[in-house]
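Shown next, in structure tokens, is the structure this report addresses.
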Amino acid sequence: MICYFSIESFGQNYPEEADGTLDCISMALTCTFNRWGTLLAVGCNDGRIVIWDFLTRGIAKIISAHIHPVCSLCWSRDGHKLVSASTDNIVSLWDVLTGDCDQRFRFPSPILKLQYHPRDLDKVLVCPMKSAPVLLTLSDSKHVVLPVDDDSDLNVVAAFDRRGEYIYTGNAKGKILVLNTDTQDLVASFRVTTGTSNTTAIKSIEFCVLVNAERIIRVYDGREILTCGRDGEPEPMQKLQDLVNRTPWKRCCFSGDGEYIVAGSARQHALYIWEKSIGNLVKILHGTRGELLLDVAWHPVRPIIASISSGVVSIWAQNQVENWSAFAPDFKELDENVEYEERESEFDIEDEDKSEPEQTGADAAEDEEVDVTSVDPIVAFCSSDEELEDFKALLYLPIAPEVEDPEENPFGPPPDAAGQTTPVEDGSAHTGSGDKKRQPSSEGVPPKKKARTTTIELQGVPSDEVHPLLGVKGDSKSKKKTAGRPKGSKGKEKDFPFRPKPYRGDRVYPDGAVAGGGAGGGGGMKAMLILLATTLHQPSAPPPPPPPQLIPRPSTPAHHSLTTRL
């Protein structure tokens with residue numbers, strides 16, 4: 001059974017126009033909302049994770065997570081943990097409050113997608129490239145490789161259902177498998193085919209939303225898939241496509257209430273929004289022309305969409321129109337001022353002349369005492385099988401002002417401890433009086449624990465694959481800059497282009513250095529300077545000209561003399 005959040009909406013519940021951008025300084029690649037939509041995590045190409053406070057549209061935290069670009073992100077259910085994957089095949093688990101890394105997993109191939117279990121905080125689903133999906137258990141760092149339909153076809157994508165009871169997997173031959181999350185047993189299966197019975201490759205699965213090579217988004221009912229069982233033939237609820245432009249889809253997802261589906265075009269920055277119940281296209285949102293879409297995320301409880309293109313996060317929302325009649329039903333907007341005649345007892349606390357009739361209905365309800373202390377749970381934050389909210393959930397991040405040069409360090413050592421010895425990391429001790437910069441005290445602050453790294457061994461998985469964000473594997477060799485000295489360079493000709501011209505009487509060394517061997521006293525120093533410049537590879541400035549040397553003129557019978565040559 002697929003469970004959606006319940007939201008009381010007034011009118012249409014999808015965005016209509018652009019509502020600004022979020023600039024993460026570096027280029028954004030992927031984004032995801034937490035369960036309540038209060039925080040937005042953005043993965044960047046420099047390996048950082050920028051967490052935005054979505055209500056204030058400000059940066060709440062920056063985590064220096066990876067060295068390579070971040071390609072996938074997912075929040076835990078309570079919002080305290082964040083799991084990320086980078087293009088160097090590393091999966092990391094982060095504590096959002098402290099910014100510390102709790103665990104790391106190293107995979108042999110790039111990670112296409114990862115997803116936290118919707119209910120269990122100990123399980124993470126990982127989809128490596130050219131491999132079967134892997135289910136990680138965080139507590140004991142163990143992993144389980146999920147079964148696949150065809151061992152020769154390992155282009156498999158996977159996703160949890162809404163409650164995490166089942167895992168849906170799809171391969172390049174159009175075969176969908178439904179596995180039990182706890183036992184990994186096959187529960188149901190079917191094949192996605194076109195009208196000519198040709199199989200279509202499954203590109204992504206989002207809570208039973210399928211994107212395939214035929215540019216068609218198929219929406220299935222999870223209950224019908226489970227009812228059909230193995231090798232069943234469930235009929236899709238809707239088939240969504242762009243019949244005019246034949247648009248291929250980059251990314252698609254449900255709205256928070258499950259009533260709308262948004263799909264991002266793979267050709268341009270364009271978002272197509274359909275109504276799930278009818279299947280009609282209700283809105284097309286166009287971004288800047290010429291930009292390519294990277295990721296799309298729908299806000300969990302509001303009609304807001306976040307999309308990424310050209311490294312910038314774009315926000316799409318509804319046009320907010322001021323409607324004062326919602327506060328006062330008899331409110332009227334006036335074109336010009338109207339003189340108002342005040343009644344004699346209009347603003348009196350008690351009208352002495354008015355006889356009080358019996359209060360019935362709504363008038364009697366106004367005199368009832370209103371409870372302002374108890375807090376009712378927000379319906380949009382609770383699922384249908386839950387009665388209460390999670391009070392331990394992390395909705396917002398505390399922000400403290402950064403003081404560059406504080407006058408007094410409240411966390412530093414006391415003044416009387418300036419001369420005491422404090423241990424350092426290498427085991428030695430130093431005195432506080434001899435240091436120019438006073439080291440902050442670590443009293444009361446627990447030391448950061450080093451993250452445990454686990455290597456995941458997968459059989460038959462190629463280790464030379466390149467993530468799609470970095471380009472095609474065949475072109476990667478030509479795009480990447482070769483490390484070390486370029487081939488074909490002899491000696492250090494390309495590293496040190498300047499080569500001094502030898503003078504008469506100078507000695508040329510095998511590495512190209514020139515040493516003066518004349519009668520001048522500066523020849524040895526000149527040779528040492530040129531050798532040093534050649535060794536350090538400093539082509540910025542040529543070596544100084546040689547000092548004057550005394551070169552003997554050819555002798556003649558008449559006289560012998562020495563001349564100075566510059």
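Quick check on the range 108-116. Is at least one of its residues outside any strand (DSSP E or B), in contact with a strand residue (DSSP E or B) (Cβ under 9 Å, 6 or more places away or on another chain) and either without any contact (Cβ under 8 Å) to a residue 24 or more places away in the chain or among the aliphatic types (A, V, I, L, M) (or both)?
The answer is no, given that none of the residues of the range 108-116 is outside any strand (DSSP E or B), in contact with a strand residue (DSSP E or B) (Cβ under 9 Å, 6 or more places away or on another chain) and either without any contact (Cβ under 8 Å) to a residue 24 or more places away in the chain or among the aliphatic types (A, V, I, L, M) (or both).
For LYS250, are the conditions met, namely being part of a strand (DSSP E or B), more than 28 Å from the chain's Cα centre (by Cα) and more than 25 Å from THR38 (Cβ to Cβ)?
no
Got at least one residue in the range 171-193 being small (Gly, Ala, Ser), farther than 22 Å from GLY258 by Cα, assigned to a strand (DSSP E or B) and modelled with pLDDT of 90 or more?
Checking the range 171-193: at least one residue is small (Gly, Ala, Ser), farther than 22 Å from GLY258 by Cα, assigned to a strand (DSSP E or B) and modelled with pLDDT of 90 or more.
Of the conditions (1) within 18 Å of THR32 (Cβ to Cβ); (2) out of contact with any Phe, Trp or Tyr (no Cβ under 7 Å at 6 or more places or on another chain), SER131 satisfies every one except a single condition; which number is it?
The failed condition is (1).
Based on what the data block shows, is LEU121 part of a loop (DSSP other than H, G, I, E, B), of a type in the set (A, V, I, L, M) and in contact (Cβ under 8 Å) with a residue 24 or more places away in the chain?
Working: part of a loop (DSSP other than H, G, I, E, B): yes; of a type in the set (A, V, I, L, M): yes; in contact (Cβ under 8 Å) with a residue 24 or more places away in the chain: yes.
So LEU121 passes the test.
Please identify the pairs in which a residue from the range 454-483 that is closer than 19 Å to ASP153 by Cα has its Cβ atom under 6 Å from the Cβ atom of a residue that is modelled with pLDDT of 50 or more and small (Gly, Ala, Ser), counting only partners at least 6 apart or on another chain.
Partner pairs satisfying both residue conditions: LEU458/SER131; VAL461/SER109; VAL461/SER131; GLU465/SER109.
Failed condition for HIS66, given (1) buried (at least 22 other Cβ atoms within 10 Å of the Cβ); (2) assigned to a strand (DSSP E or B), with all others met?
Among (1) buried (at least 22 other Cβ atoms within 10 Å of the Cβ); (2) assigned to a strand (DSSP E or B), HIS66 violates only (2).
Surrounded by fewer than 17 Cβ atoms within 10 Å (Cβ to Cβ) and out of contact with any Ser or Thr (no Cβ under 8 Å at 6 or more places or on another chain): is that true of ARG230 in this structure?
Answer is no for this residue.
Pull up the range 1-19, narrow it to residues that are open to solvent by 40 Å² or more (accessible area, probe 1.4 Å) and at pLDDT 90 or above, then point me to the one that is farthest from TYR220 (Cα to Cα).
In this case the residue turns out to be ASP19.
Restricting the search to the range 153-175, which residues are buried (at least 20 other Cβ atoms within 10 Å of the Cβ), small (Gly, Ala, Ser) and over 18 Å from PRO128 (Cα atoms)?
GLY174
Being over 17 Å from the mean Cα position of the chain (by Cα) and more than 15 Å from GLY164 (Cα to Cα) is the filter; apply it to the range 101-127 and report the residue that is surrounded by the most Cβ atoms within 10 Å (Cβ to Cβ).
Per the stated criteria, the residue is PHE105.
Just to be sure, is ARG223 over 21 Å from TYR14 (Cβ atoms), open to solvent by 40 Å² or more (accessible area, probe 1.4 Å) and in a loop (DSSP other than H, G, I, E, B)? Steps first, please.
On the way: over 21 Å from TYR14 (Cβ atoms): yes; open to solvent by 40 Å² or more (accessible area, probe 1.4 Å): yes; in a loop (DSSP other than H, G, I, E, B): no.
Considered against the rule, which asks whether it is over 21 Å from TYR14 (Cβ atoms), open to solvent by 40 Å² or more (accessible area, probe 1.4 Å) and in a loop (DSSP other than H, G, I, E, B), ARG223 comes out as no.
So how many residues does the range 73-106 have that are part of a loop (DSSP other than H, G, I, E, B) and farther than 25 Å from ASP464 by Cβ?
The qualifying residues number 10.
Condition (residue is open to solvent by less than 40 Å² (accessible area, probe 1.4 Å), closer than 18 Å to SER307 by Cα and of a type in the set (S, T, N, Q)) applied to the range 78-100: is it met by at least one residue?
Checking the range 78-100: not a single residue is open to solvent by less than 40 Å² (accessible area, probe 1.4 Å), closer than 18 Å to SER307 by Cα and of a type in the set (S, T, N, Q).
The values are calculated or read from the model by the stated rules, or taken from the named source; none is laboratory data. On a predicted model such as this, the values are computed, not experimentally measured, just so you know. Because the Cβ atoms are built from the backbone with ideal geometry, glycine has one as well, and the counts that use them run over all protein chains shown. We work out accessible area using only protein heavy atoms, side chains counted, and drop any ligands, DNA or RNA first. Shrake-Rupley method; radii C 1.70, N 1.55, O 1.52, S 1.80 Å.
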